[in-house]
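Remarks on the structure that follows.
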Amino acid sequence: MKYTKISHLNKLKKAGKKFAALTAYDFSFAKLFFNEGIQVLLVGDSLGMTIKGHNSTIPVTIDDICYHTSAVHSGVPYALLIADMPFMSYSTPQQSFKNAAKLMRMGANLVKLEGGLWVTETIRMLTERSVAVCGHIGLTPQSINILSSYKLQGCGKENANIILNNAKAIESAGAQLLVVECIPSTLAQIITNTLKIPVIGIGAGNSTDGQILVMHDILGITDGCIPKFAKNFLSETGDIRSAVRQYINEVESGSYPTIKNCF
Ligand code: KIV
C-alpha cells in the first residue's frame, strides 16, 4: 500500500485531475472511506456539531481533535490526514507549536488553520519547524460570533480581492494546501488558477482542484437541513459504500457540484 502525500495532490493539480476528500471522526468510517477510494481525510472541528451536538465549532478543544485524529489514523495509516487546529489553539506561536505537535503525534500529516493575513506568520513559523499546513479561508466557522451567520463570503470586488490576497499570502507563507469555503465559484476559480498549491473547495463551485464535504452531509444524517452546496449521495445509492464511490466519481468527473450547489 502506498502513502498518499502532498506531492500526489500536486501531480493531480498539474494534470488537471480533481480529487475528493471527506471529513471523518472515527476508525470505522475512516477505514470504509479509504477503502472506497478517499485518500484525503479531515478530522474537522465540525465534530463539535456532528459528534458533540454543539451549535458551533467554538467549544471544540485540542484534546477532542487529538482523540479523533488518533482514531481516524488507526483506520487509515496510508491516507493523507489533515487535522483541524480548533478555536484558540493557535493564537500565539508557542501555543501553535505545542498543539500542532500534539496533532502530528496522533497521526496528522497536516494541520489546518482558519484565517487570512493574521495567520500567515503562524503558518510560516510552523512550516519552518516542519509542520505541513493547510490554510482555510472564505467562511471560517470559528469566526461565527463575528460573522453572525454561516453565509457566503467574498461577495463584491473588494471582499473578493481581500480573499484572493489572503490566499496568495497563505501560499507565500508556506502552506501546502488551501481550503476555500462558501465563496462565489468565479472567485474560487481565480484562486485555484492563481495558486500553485492544491485548492480544496466546499461550497465554492466545481473549478477547485479538490472538493471536501462533511461526511454527515453526504450520508444525509446532518441535523437540520443539508447545506445548498452539499449533496445526500446515500439517498441516491442506498448504501454507504456506493454513496462514497458515487461522490468520488462525480467529483472526479466534474459532475458534482452542479450549478444548483454553487454560489
Ligand atoms: O471542520 C470541518 O469539517 C471543515 C470542513 C468543512 C472543511 O473545516
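The values are calculated or read from the model by the stated rules, or taken from the named source; none is laboratory data. Everything quoted here is computed from the prediction, not taken from an experiment. Note that we place each Cβ from the backbone using ideal geometry, even for glycine, and neighbour counts take in every protein chain shown.
Here are a few things to note about the model shown:
- Conditions (1) in contact with a Leu (Cβ under 6 Å, 6 or more places away or on another chain); (2) under 27 Å from GLY115 (Cβ atoms): number failed by LEU178: (1)
- Boolean, MET88 is surrounded by fewer than 18 Cβ atoms within 10 Å (Cβ to Cβ) and either under 19 Å from SER143 (Cβ atoms) or within 16 Å of the ligand (Cβ to nearest atom) (or both): yes
- Selected residue (only one of ILE240, ILE221 is surrounded by fewer than 16 Cβ atoms within 10 Å (Cβ to Cβ), of a type in the set (Val, Ile, Thr) and either more than 10 Å from the ligand (Cβ to nearest atom) or at positive phi (or both)): ILE221
- Every pair of residues 6+ apart whose Cβ atoms lie under 6 Å, when the first sits in the range 122-139 and is assigned to a loop (DSSP other than H, G, I, E, B) while the second is within 16 Å of the ligand (Cβ to nearest atom) and among the acidic types (Asp, Glu): LEU139/GLU181
- Checking the range 151-161 against the condition returns a match, with at least one residue being modelled with pLDDT of 95 or more and within 20 Å of ILE226 (Cβ to Cβ).
- Taken as a whole, the structure places ILE58 among residues that are surrounded by fewer than 19 Cβ atoms within 10 Å (Cβ to Cβ), within 14 Å of the ligand (Cβ to nearest atom), touching a residue at least 60 places away in the same chain (Cβ under 8 Å) and hydrophobic (A, V, I, L, M, F, W, C).
- The residues on offer are GLN95, GLN142, GLN153, and the sole one that is away from the ligand (no atom under 15 Å from the Cβ) and either in contact with a Ser or Thr (Cβ under 6 Å, 6 or more places away or on another chain) or of a type outside the set (Gly, Ala, Ser) (or both) is GLN95.
- Residues being within 18 Å of SER207 (Cα to Cα) and crowded, with 20+ Cβ neighbours inside 10 Å - total across the range 136-181: 13
- Residue under evaluation VAL133, criteria (1) modelled with pLDDT under 95; (2) surrounded by 15 or more Cβ atoms within 10 Å (Cβ to Cβ); (3) among the hydrophobic types (A, V, I, L, M, F, W, C), criterion not met: (1)
- Check on LYS5, surrounded by fewer than 17 Cβ atoms within 10 Å (Cβ to Cβ) and within 14 Å of the ligand (Cβ to nearest atom): no
- Selection over the range 77-110 of residues that are among the hydrophobic types (A, V, I, L, M, F, W, C) and more than 17 Å from the chain's Cα centre (by Cα) gives a count of 4.
- Scoring THR122 on the criteria (1) under 25 Å from LYS11 (Cβ atoms); (2) away from the ligand (no atom under 16 Å from the Cβ); (3) of a type in the set (Val, Ile, Thr) leaves a single failure, condition (1).
- All conditions but one from (1) of a type outside the set (Asp, Glu); (2) crowded, with 19+ Cβ neighbours inside 10 Å; (3) away from the ligand (no atom under 16 Å from the Cβ) apply to SER46; the one that does not is (3).
So that you can scan it fast, the table gives a plain yes or no per residue for (1) touching a residue at least 40 places away in the same chain (Cβ under 8 Å); (2) under 18 Å from LYS18 (Cβ atoms):
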{"residue": "LEU147", "(1), (2)": "no, no"}
{"residue": "GLN153", "(1), (2)": "no, no"}
{"residue": "LYS168", "(1), (2)": "no, no"}
{"residue": "GLY174", "(1), (2)": "yes, no"}
{"residue": "THR186", "(1), (2)": "no, yes"}
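- Matching residues in the range 16-34 - criterion: being away from the ligand (no atom under 12 Å from the Cβ) and either free of Cβ contacts under 8 Å to residues at least 24 places away in the same chain or crowded, with 19+ Cβ neighbours inside 10 Å (or both): GLY16, LYS18, PHE19, ALA20, PHE29, ALA30, PHE33, PHE34
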